[in-house]
1. Is at least one residue of the range 96-105 surrounded by fewer than 21 Cβ atoms within 10 Å (Cβ to Cβ), under 12 Å from residue 48 (Cβ atoms) and free of Cβ contacts under 8 Å to residues at least 40 places away in the same chain?
2. For the range 59-77, enumerate the residues that are within 17 Å of the chain's Cα centre (by Cα) and over 14 Å from residue 44 (Cβ atoms).
3. Can you name the residue in the range 78-95 that is assigned to a loop (DSSP other than H, G, I, E, B) and surrounded by fewer than 14 Cβ atoms within 10 Å (Cβ to Cβ) and, of all such residues, is nearest to the chain's Cα centre (by Cα)?
4. Applying the selection to the range 98-114, what residues are in contact with a strand residue (DSSP E or B) (Cβ under 7 Å, 6 or more places away or on another chain) and in a helix (DSSP H, G or I)?
5. I'd like the residue in the range 115-159 that is out of contact with any strand residue (DSSP E or B) (no Cβ under 6 Å at 6 or more places or on another chain), buried (at least 17 other Cβ atoms within 10 Å of the Cβ) and assigned to a helix (DSSP H, G or I) and, out of all such residues, is modelled with the lowest pLDDT.
C-alpha cells in the first residue's frame, strides 16, 4: 500500500486532524510542485505498474503536480509495444517513465534494459517494494522504495526534469 506521508495515514482524508500550520505547509508544497513542474509546459509521464490502484494514485499525484500522465500500462511489454508503434516526430518520447519492478511477463528490470537499448536518453524511475539484483539499479535514473511519499515522487520527477 502506498503511504503518502504528506497527507497523513489516511490519504482519503486529506489534511484531516492537521493543524492550520500543517495544512498551509501542505498547500505551499503542492503549489511549489505545480509551478516547478509546469514552468516550461507539462512534462509527459508514463506509469507502468501491475497494481492498477497504485498506477491510478501515481497518476492523480502527478497530474495535481502539473504533469501530463499520457498513458499507464500494467506490463512492461505493453509499454515497449506502445513506444515502438506510437513514438515518432508528432508523438515524442515521454519525459519520464515510472516502472514497477515485479510485474507479469517482463519485469521492470528487463523492461528498463530494453528501453535503454532503444531509447538511451529516456528518464527511468524504478518504484518498487523490491530492490533489483546487483547491477539492476544502474538501468534507472532514480529508485524509490514503496511505500513512497507524495514528496518523494514529485521531487524525484522534478529533479529528473531539471526543474
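1. Yes, the range 96-105 contains at least one residue that is surrounded by fewer than 21 Cβ atoms within 10 Å (Cβ to Cβ), under 12 Å from residue 48 (Cβ atoms) and free of Cβ contacts under 8 Å to residues at least 40 places away in the same chain.
2. If we filter the range 59-77 for residues that are within 17 Å of the chain's Cα centre (by Cα), which is where we start, we get 59-76.
60, 61, 64, 73, 74, 75, 76 - these are the residues of the range 59-77 that are within 17 Å of the chain's Cα centre (by Cα) and over 14 Å from residue 44 (Cβ atoms).
3. Applying the filter and picking the extreme gives 92.
4. Selection gives 108, 111, 112.
5. Only one residue fits best here, namely 136.
The values are calculated or read from the model by the stated rules, or taken from the named source; none is laboratory data. The structure displayed is predicted, hence computed values, not measured ones. So basically every Cβ, Gly included, is an ideal-geometry build from the backbone, and we count neighbours across all protein chains shown.
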